[in-house]
1. Please name all residue pairs, on different chains or six or more residues apart, with Cβ atoms under 6 Å, provided the first residue is in the stretch 47-66 and is in contact (Cβ under 8 Å) with a residue 12 or more places away in the chain and surrounded by 12 or more Cβ atoms within 10 Å (Cβ to Cβ) and the second residue is assigned to a helix (DSSP H, G or I) and among the small types (G, A, S).
2. Please list, ordered by first then second residue, the pairs with beta carbon atoms under 6 Å, 6 or more apart or interchain, first in the stretch 13-36 and at positive phi and surrounded by 11 or more Cβ atoms within 10 Å (Cβ to Cβ), second of a type in the set (A, V, I, L, M) and at pLDDT 95 or above.
3. Might you check whether a residue that is modelled with pLDDT under 90 and out of contact with any Pro (no Cβ under 6 Å at 6 or more places or on another chain) occurs anywhere in the stretch 14-28?
4. Keeping to the stretch 39-64, report how many residues are touching a helix residue (DSSP H, G or I) at 6+ places or on another chain (Cβ under 8 Å) and in a helix (DSSP H, G or I).
5. Please enumerate the residues belonging to the stretch 68-119 that are of a type in the set (A, V, I, L, M), modelled with pLDDT under 80 and part of a helix (DSSP H, G or I).
Amino acid sequence: MAHEASLSLIRELDELLDRERRALVEGDLELLGRLLVHKEGLIGRINGCDSLERSSLQGVHDKVSRNQALLNSAMEGIRAVADRMATLRRVRRSLETYDRSGRKTRFGTETRSSVEKRA
C-alpha cells in the first residue's frame, strides 16, 4: 500500500514537471509560480516516503534537470533584456561622441516631458 502511494506521488510529480516544462517554454511565469508551490509540497511528501527505490525516481530526476536548464536559460534571457533596457535608458539620457584626438564628450539629451491633466 505504501509503495503504491509513493508511486502515485511520483506519477503526479512527473505530470507536474511536464506542465512546468510547458510553462517554461511558453513563458507563463504566473503558472510557474503556482506550480512551484504544488511541486514543493509533492517533493516534501515524496521525501517522507520510506519505500522508494532509486530507479523509480530516475524519470523525475531527468525532468527536474531538464526544467532547471530551461529555467536557467529563461533567467539569462530576462537578465539580457534588463541589461539591454538599461543601455537604452542610458543612451536616451546622453549622447557620447569622440573628437579627432579620441577624447569622449558626453552631451545630456534628457528632456522633460510635460503632461497636462484635464478633467
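The values are calculated or read from the model by the stated rules, or taken from the named source; none is laboratory data. What you see is a predicted model, and the numbers here were worked out from it, not measured in a lab. Don't worry about glycine lacking a Cβ; one is built from the backbone with ideal geometry, like all the others, and counts go over all protein chains shown.
1. Partner pairs satisfying both residue conditions: C49/S6; S51/A2; S51/S6; L52/S6.
2. none
3. The answer is yes; a qualifying residue exists.
4. So the count comes out to 11.
5. Across the stretch 68-119, the qualifying residue is only V91.
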